[in-house]
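Trainee: Please see the structure below; I have some questions.
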Amino acid sequence: MTPPPLRRAVCPGSFDPVTNGHLDIIGRAAHLYDELVVAVFINQAKSSLFTVEERREMLLEATAQYGNVRIDTFHGLVVDYCRDNGIPVIVKGLRAVSDFDYELQMAQMNRGLAGVDTLFMPTNPEYSFLASSLVKEIAKWGGDVSSLVPPNVLKRLLERPGSDG
Ligand code: PNS
């Protein structure tokens, strides 16, 4: 008898850098699927603090405890990445109602473009205010972000030139 196909999902994002909010979603999604791919979007149009390789490394370190989480990078459309890798579902975290408008638009577009569905997971309320952009801003001015990011990311933020930490 042939084994059932693997249930796979992708969690795409910029992850510049990965935060505890992302890790909350990644950990919970990893329990729902056989394999979860965390895919770092390579966006030439957007300036970032960390290189794609640094972001990939930080994700690798921060998700090492999950046996079924794989880290990858992609450019172009997320639905093309899904098609090329046989992934039918995108997982997205929703922090607040304000996230919903744009995420719903993208989810409907992705479903229309390629039949790829999106699973929305409500973020743990503990992280509803958390965004990579805020973490970078706070760290840049020497604020304490130790409760917002994993230790390996904190270390890299403190090492950045321009960090007051
Ligand atoms: O962490 P971010 O920056 O909020 O992630 C946004 C991301 C990368 C998930 C989104 O911009 C995306 O999926 N980009 C890939 C390009 C794409 O498919 N765009 C069309 C979406 S309908």
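The values are calculated or read from the model by the stated rules, or taken from the named source; none is laboratory data. Keep in mind it's a predicted model, so treat the numbers as computed, not measured. Virtual Cβ from ideal backbone geometry, glycine too; neighbours counted across all protein chains shown.
Trainee: Scan segment 42-78 for residues that are at negative phi and within 10 Å of the ligand (Cβ to nearest atom) and report the count.
Mentor: The number of residues fulfilling the criteria is 8.
Trainee: Quick check on segment 46-55. Is at least one of its residues among the hydroxyl-bearing types (Ser, Thr, Tyr), buried (at least 17 other Cβ atoms within 10 Å of the Cβ), more than 15 Å from the chain's Cα centre (by Cα) and in a loop (DSSP other than H, G, I, E, B)?
Mentor: Taking every residue of segment 46-55 in turn, none turns out to be among the hydroxyl-bearing types (Ser, Thr, Tyr), buried (at least 17 other Cβ atoms within 10 Å of the Cβ), more than 15 Å from the chain's Cα centre (by Cα) and in a loop (DSSP other than H, G, I, E, B).
Trainee: Then there is this: Which one of Arg95, Arg7 is of a type in the set (Lys, Arg), over 26 Å from Leu148 (Cα atoms) and at pLDDT 95 or above?
Mentor: Of the residues listed, the single one that is of a type in the set (Lys, Arg), over 26 Å from Leu148 (Cα atoms) and at pLDDT 95 or above is Arg7.
Trainee: Mind counting the residues in segment 34-90 that are of a type in the set (Asp, Glu) and either closer than 22 Å to Leu154 by Cα or touching a residue at least 60 places away in the same chain (Cβ under 8 Å) (or both)? Quick ask: steps written out before the conclusion?
Mentor: At the first step, the residues of segment 34-90 found to be of a type in the set (Asp, Glu) are 34-35, 53-54, 57, 61, 72, 80, 84.
Imposing the further condition that a residue be either closer than 22 Å to Leu154 by Cα or touching a residue at least 60 places away in the same chain (Cβ under 8 Å) (or both) reduces the set to 53-54, 57, 61, 72.
Residues in segment 34-90 being of a type in the set (Asp, Glu) and either closer than 22 Å to Leu154 by Cα or touching a residue at least 60 places away in the same chain (Cβ under 8 Å) (or both): 5 in total.
Trainee: Considering only residues that are of a type outside the set (Gly, Ala, Ser) and assigned to a loop (DSSP other than H, G, I, E, B), look in segment 81-111 and name the one that is farthest from the ligand (Cβ to nearest atom).
Mentor: Pro88
Trainee: Next question. In segment 112-132, which residue that is in contact (Cβ under 8 Å) with a residue 60 or more places away in the chain and part of a strand (DSSP E or B) is nearest to Ala9 (Cα to Cα)?
Mentor: Per the criteria, the residue is Leu119.
Trainee: Quick one: how many residues across segment 134-145 are free of Cβ contacts under 8 Å to residues at least 40 places away in the same chain and surrounded by 12 or more Cβ atoms within 10 Å (Cβ to Cβ)?
Mentor: Here is the first cut: in segment 134-145, the ones free of Cβ contacts under 8 Å to residues at least 40 places away in the same chain are 134, 137-145.
Cutting the leftovers down to surrounded by 12 or more Cβ atoms within 10 Å (Cβ to Cβ) gives us 134, 137-140, 143, 145.
Of the residues in that region, 7 qualify.
Trainee: So which residues in segment 1-41 are part of a loop (DSSP other than H, G, I, E, B), within 14 Å of the ligand (Cβ to nearest atom) and farther than 17 Å from Pro125 by Cα, if there are any at all? Talk me through it step by step, then tell me what you get.
Mentor: Step one: of segment 1-41, the residues part of a loop (DSSP other than H, G, I, E, B) are 1-7, 14-19, 33-34.
From the residues that got through so far, the ones that are within 14 Å of the ligand (Cβ to nearest atom) too are 14-19.
Within segment 1-41, Ser14, Phe15, Asp16, Pro17, Val18 meet the criteria.
Trainee: Restricting to segment 112-133, and then to whatever is away from the ligand (no atom under 16 Å from the Cβ) and more than 30 Å from Gly86 (Cα to Cα), can you tell me which residue is surrounded by the most Cβ atoms within 10 Å (Cβ to Cβ)? Even if it seems obvious, please write down each step before you answer.
Mentor: Applying the first criterion (away from the ligand (no atom under 16 Å from the Cβ)) to segment 112-133 yields 122, 124-126.
Within this subset, residues satisfying the condition of being more than 30 Å from Gly86 (Cα to Cα) are 125-126.
Working: Pro125: 9, Glu126: 11.
Looking at residues that are away from the ligand (no atom under 16 Å from the Cβ) and more than 30 Å from Gly86 (Cα to Cα), I get Glu126.
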